[in-house]
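Heads up, the thing below is written out as structure tokens.
What follows draws every value from the coordinates through simple rules; no lab data is involved. Keep in mind it's a predicted model, so treat the numbers as computed, not measured. A quick note on method: Cβ atoms are made from the backbone with ideal geometry, for glycine too, and the neighbour counts reach across all protein chains shown.
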Amino acid sequence: MTRQLSRDLQGNATEIVIQTFADRILVLVTQLGKVGNLIQATIPDTIPLLPAIQDPSQPNVKALPEPPAAIQLTPLLGNAPSEHLQTLHCLYVSQIATLLWTAGTSNLLEVSRKPVIVGIALRKSDSSDDEGLTENERSLFAGVMSMVQELLAAPT
């Protein structure tokens, strides 16, 4: 099954494709029209996945489930040009995989605990390695996660 969605995020056309296979799931997040850095996320079947907890102070923001510490990330192809971007890519992969695994228990994707491979190709941000996440990076992250949640909630 393949699902895809395109949307303008921060002035950049952003496309997300989710393709399920018998043994794993491929998710592509791109603003550059290419696959980008590929990272695989896996988690043991015995690790509990907790549902998202809605923050009462932000009722209009859809809650994200917290990625378990037991997630194992394996770089498969390519790498980010800086340590900051590598950390950011790992954050994207962990959150996307957690969304897929938690959604798999409640919809027809039947993803359970299959490995999730995420390809990330995003436009460069204006941040430097020592300043942490910028507001633009936070906003883009929230927009991408919202798109993934929308794809997972869409009827088949």
Could you check how many percent of all C-alpha pairs in region 2-153 are farther apart than 27 Å?
-> 18 percent
Fraction of beta bridges assigned by DSSP in the chain that are antiparallel (%, nearest 5) = 80 percent
So what are the ³J(HN,Hα) numbers for region 138-148, from phi and the Karplus equation (6.51, -1.76, 1.60; θ = phi - 60°), rounded to whole Hz, Gly and Pro as x?
-> 5, 5, 5, 4, 4, x, 5, 5, 5, 5, 4
Phi-based couplings in Hz for region 79-93 (Karplus 6.51, -1.76, 1.60; Gly and Pro marked x) | 7, 6, x, 8, 5, 4, 5, 5, 5, 4, 4, 4, 4, 4, 4
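Give me the orientation-averaged projected area of the Cα convex hull of region 1-84, in nm², one decimal. Could you put the intermediate results ahead of the total?
On the way: hull surface 32.4 nm².
Averaging across all directions leaves 8.1 nm² for the Cα convex hull.
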In order over region 33-38: 3J(HN,Hα) from phi, Karplus 6.51/-1.76/1.60, θ = phi - 60°, whole Hz, x for each Gly or Pro, gives x, 9, 5, x, 6, 9
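Which residues make up the longest stretch of the chain clear of GluC sites (Glu not before Pro) that lie in a DSSP loop with no more than 12 other Cβ atoms within 10 Å, not counting the sites?
Working: sites that count: Glu110, Glu131.
So the longest stretch without any such site is 1-109.
For the chain, what is the charge dipole size about the Cα centre, in debye to the nearest 20, if Lys and Arg each add +1 at the Cβ and Asp and Glu each add -1 at the Cβ? Intermediate values should be presented prior to the final figure.
Values: 10 positive and 15 negative charges, 108 e Å.
Dipole about the Cα centre, nearest 20: 520 debye.
Which shape class applies to region 34-83: rounded if a/c is under 1.5, otherwise prolate when a/b exceeds b/c and oblate if not, where a ≥ b ≥ c are the square roots of the Cα gyration tensor eigenvalues? Intermediate values should be presented prior to the final figure.
Details: a/c = 3.22, a/b = 1.53, b/c = 2.10.
Because a/c hits 1.5 or more and a/b fails to exceed b/c, region 34-83 counts as oblate.
What's the ranking of 68-76, 48-56 by average number of surrounding C-beta atoms within 10 Å, highest first? Don't skip to the answer; put the middle values down first.
Values: 68-76: 13.1, 48-56: 10.3.
Order by mean packing, descending: 68-76, 48-56.
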